[in-house]
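The values are calculated or read from the model by the stated rules, or taken from the named source; none is laboratory data. Model, not experiment: these values are computed from the prediction. With ideal geometry, Cβ positions are generated from the backbone for all residues, glycine too; neighbour counts draw on all protein chains shown. Note: accessible area is taken over every heavy atom of the protein model, side chains too, but ligands, DNA and RNA are not part of it. Shrake-Rupley method; radii C 1.70, N 1.55, O 1.52, S 1.80 Å.
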Amino acid sequence: MSASTPGPTRRSGFRRAALESVSGLPRQFWWLWTSTLINRLGAFVATFLALYLTVERGYSASYAGLVAALHGLGGVISSVGAGVMTDRLGRRPTMLIAQLSTAASVLLLGFMTDPVAIAVVAGLVGMASNASRPAVQAMMADIVAPEDRVRAFSLNYWAINLGFAISSTAAGLIAEHGYLALFVGEATLVLACALVVFWKLPESRPDPSTPGGPDDGATGPAPAPVSMLTVLRDGRFMTVVGLNLLLALLFQQAYVSMPVSMGQDGFSSAQFGMVIAVNGVLVVLLQIPVTRFIEHRSPALLLIGSALLAGYGFGLTALAGSVAMYAVAVTVWTLGEIINSPTQMGLVVRLSPLHGRGRYQGMYNLSWSVASLAAPLLGGVVIDQYGADVLWAGCAAVGTVAAVGYGLLLRGLPAVEGTGAVAAGQPVGDTRESAEPVSSQSVSSEPVPPSGRAREVGAPVGAGEPVA
């Protein structure tokens, strides 16, 4: 009888761990999570745009690359503008504007036939689809308590990858009935996402007239305004953006340089599909349990480790001579991705002043948009001029540089008792909650007082509006 007890015990432990992973988060977070999942379930067009242009429309690969670049350029342009809108108009209006614009532009793109019109509208789709990201991330920081933020960002990242995995599979089946169905389907699901935001998510932007939030209880002058110049002058934060750009350039190689490299080694597109699927499967399976393990650990060590895993994971590609070895390399850098994403987001929130979260998130998202533009160019040039092995060795070097950068940047940031330090997103000292320009000198070495936690949860805009 005793031999059978470990089974129920393990199942009970698994259920308890699963419940702990999702418990304690506010209802508004789960509606925001649902909107993210719906949005990603409909992410058909960006994934199949090149195939649509070359197979369905008969355009050249060069033209398809140009359209993809314009789509990425639209994301670069909207990152900063959407961040400003998030702070000025609010999180909810920015999301609604972005989602309605995305639905309209995606639907319009499906009916475009002129090559110039297709290119222009594709740029508009890139702008609209990227514009909601700063607002989503800022709202998540507003409504989730500091000690739960890493877990919340992890769950949101998990929803993104789960939705993408499902949409990629579904899009292939839908395309068999005509590519127009992909455009109509994405527009419909984005509208459904907008309805969730409209009906279920009240505004969460903190009242700009108070030094902190409504729970702060502090009196004094209103905070100084935060501008994009404030963000650019924040040396510590901009260093984080630069380090993230390095890692984003690495991760983008998986979808640009790795298939080219595998093709040169004689592997088929089906074999590449099997290898890259390892990434999605591991993220869906491991994101939540890994986050439970890391959420209360040193963010400096986590970011250093994730940078090394990413760099040397891609570096291993130079040694890959089989599908299995490519899969091993993907496994290594995927672990770096799983660790980096929620930890990095917690750090971004911590370094963002309360009334400037939108602008800071916009600048952070800009690093990803720039990487999506630059990575294909850099990867292609290096492979053509020097060979794929040099590119992968360079990836290992870039990962090492990023790891050293994180080590130097974060060595002065103290731990916050009970919240996992930076990784939990807890601000250090009252200066993080003011709207004063952020600098490395403004990070206090003293733990946050208990009142700081209540102030961080977020506030309604105006006395009569509901709390998000």
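At-a-glance table
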item: Relative packing of 342-355, 234-247, which averages over residues the other C-beta atoms within 10 Å, highest first; result: 342-355, 234-247
item: Length added when fully stretched, Ser322-Ser269, from 0.36 nm per residue minus Cα-Cα; result: 17.7 nm
item: Accessible-area composition of the range 44-85, carbon plus sulfur, in percent [1.4 Å probe]; result: 71
item: With DNA, RNA and ligands ignored, accessible area of Phe164 (1.4 Å probe; Å², nearest 10); result: 80
item: Equivalent ellipsoid semi-axes - Cα gyration tensor, the range 123-170, angstrom; result: 23, 17, 5
item: Formal net charge of residues neighbouring Val284 (Cβ-Cβ distance under 14 Å; K, R +1; D, E -1); result: 0
